[in-house]
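Below is one structure; the comments refer to it alone.
The values are calculated or read from the model by the stated rules, or taken from the named source; none is laboratory data. Treat the numbers as computed from the prediction; the structure is a model and nothing was measured. For neighbour counting, all protein chains shown are included, and Cβ atoms are generated from backbone atoms with ideal geometry for every residue, glycine included. These area figures cover heavy atoms from the full protein model, side chains too; ligands, DNA and RNA do not enter into them. Shrake-Rupley method; radii C 1.70, N 1.55, O 1.52, S 1.80 Å.
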Amino acid sequence: MEQVRFQDGAAVPALGQGTWRMGEGGDRRAEADALRLGLDLGLTLIDTAEMYGEGGAEEVVGDAIAGRREEVFLVSKVYPHNASARKLPVALAASLKRLRVERLDLYLLHWRGGVPLAETVQAMEAARARGQIARWGVSNLDVADLRELGPALPDCATNQVLWNLEARGVEFDLLPFCAERAMPVMAYSPIGQGGALLRHRALRAVAERHGVAPAQVALAFVLARPGVIAIPKASDPAHQRANVAARDLRLTDQDKAELDAAFPPPRRKQALEML
């Protein structure tokens, strides 16, 4: 499987597992089973957050990785209102308890709120010094926000953002900015939301040409970019296996041209999109 490296040398698969909307009243056992299948198939990065199901997703992940912690690169995120020097240690401790682990491999600020970034960075570094996290990063921050990190920018392991064929604004400046600094980008919702993208005529035409599902084409589009980690969610075995199969799909120049015509890449700076 293609690997993406963080600045400290840690390597993770370019295709990981997301957990948004897990632990929200569905079949938690089935969700945990799907995550375990993903681990079996090499999707060893799992991304979650205290926001997802108000901790419910973290509990599902805790069930899924029980007895398998050493296989997993574990990522979680802190609410902006919990990202202060006083509240972050409390939120982190709660996440660790729900996940039933002693340390996160990566801890992210979920989006920017009222807490100054400098204070959040200090709280993150304190957590790293305590051994509770191995590294920290951000989510839903644009170029100007990243620049505001100043001297701490090289210590920011990643930026997790919305990126898919329907939301390509980050291609204009954010993805190049991160690539220049060898900062991996994590792409959430890589196959879009609500199914509208997957019903698009152009996407379906490319999929039919390759004999695959539209979702696999959408995922292959994201995976084709170096330095990007895609984190789609899969709650059942069939979906999980389809995601894994997308790793081997190579889009042709014709495919890319048709997708660009249907989903034009940005020609100017756009406001950062987020869900």
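For residues that are in contact with a strand residue (DSSP E or B) (Cβ under 9 Å, 6 or more places away or on another chain) and of a type in the set (D, E, K, R), scanning just segment 63-97, find the one that is nearest to Thr120 (Cα to Cα). Result: Lys87. Scan segment 169-195 for residues that are on the phi < 0 side of the Ramachandran plot and either open to solvent by 20 Å² or more (accessible area, probe 1.4 Å) or small (Gly, Ala, Ser) (or both) and the total you get is 12. When Arg103, Arg98 are checked against the criterion of being at negative phi, at pLDDT 95 or above, touching a helix residue (DSSP H, G or I) at 6+ places or on another chain (Cβ under 6 Å) and open to solvent by 40 Å² or more (accessible area, probe 1.4 Å), Arg98 stands alone in meeting it. Of the residues making up segment 250-269, none is under 26 Å from Gly38 (Cβ atoms) and under 21 Å from the mean Cα position of the chain (by Cα).
When Leu88 is evaluated against the numbered criteria (1) in contact with a Ser or Thr (Cβ under 6 Å, 6 or more places away or on another chain); (2) buried (at least 23 other Cβ atoms within 10 Å of the Cβ); (3) more than 25 Å from Leu41 (Cβ to Cβ); (4) among the hydrophobic types (A, V, I, L, M, F, W, C), which criterion, by number, is the only one it fails? So Leu88 meets the others, but not (1).
Scanning segment 128-151 for residues that are open to solvent by 10 Å² or more (accessible area, probe 1.4 Å) and either under 16 Å from Ala83 (Cα atoms) or among the acidic types (Asp, Glu) (or both) turns up Arg128, Gln132, Arg135, Asn140, Asp142, Asp145, Glu148, Leu149. Is it the case that segment 233-256 has a residue that's in contact with a Lys or Arg (Cβ under 8 Å, 6 or more places away or on another chain), assigned to a helix (DSSP H, G or I) and either without any contact (Cβ under 8 Å) to a residue 40 or more places away in the chain or open to solvent by 40 Å² or more (accessible area, probe 1.4 Å) (or both)? Within segment 233-256, not a single residue is in contact with a Lys or Arg (Cβ under 8 Å, 6 or more places away or on another chain), assigned to a helix (DSSP H, G or I) and either without any contact (Cβ under 8 Å) to a residue 40 or more places away in the chain or open to solvent by 40 Å² or more (accessible area, probe 1.4 Å) (or both). Taken over segment 47-67, the criterion of being farther than 22 Å from Ile229 by Cα and either of a type outside the set (A, V, I, L, M, F, W, C) or within 18 Å of the chain's Cα centre (by Cα) (or both) is satisfied by Gly53, Glu54, Gly55, Gly56, Glu59, Asp63, Gly67.
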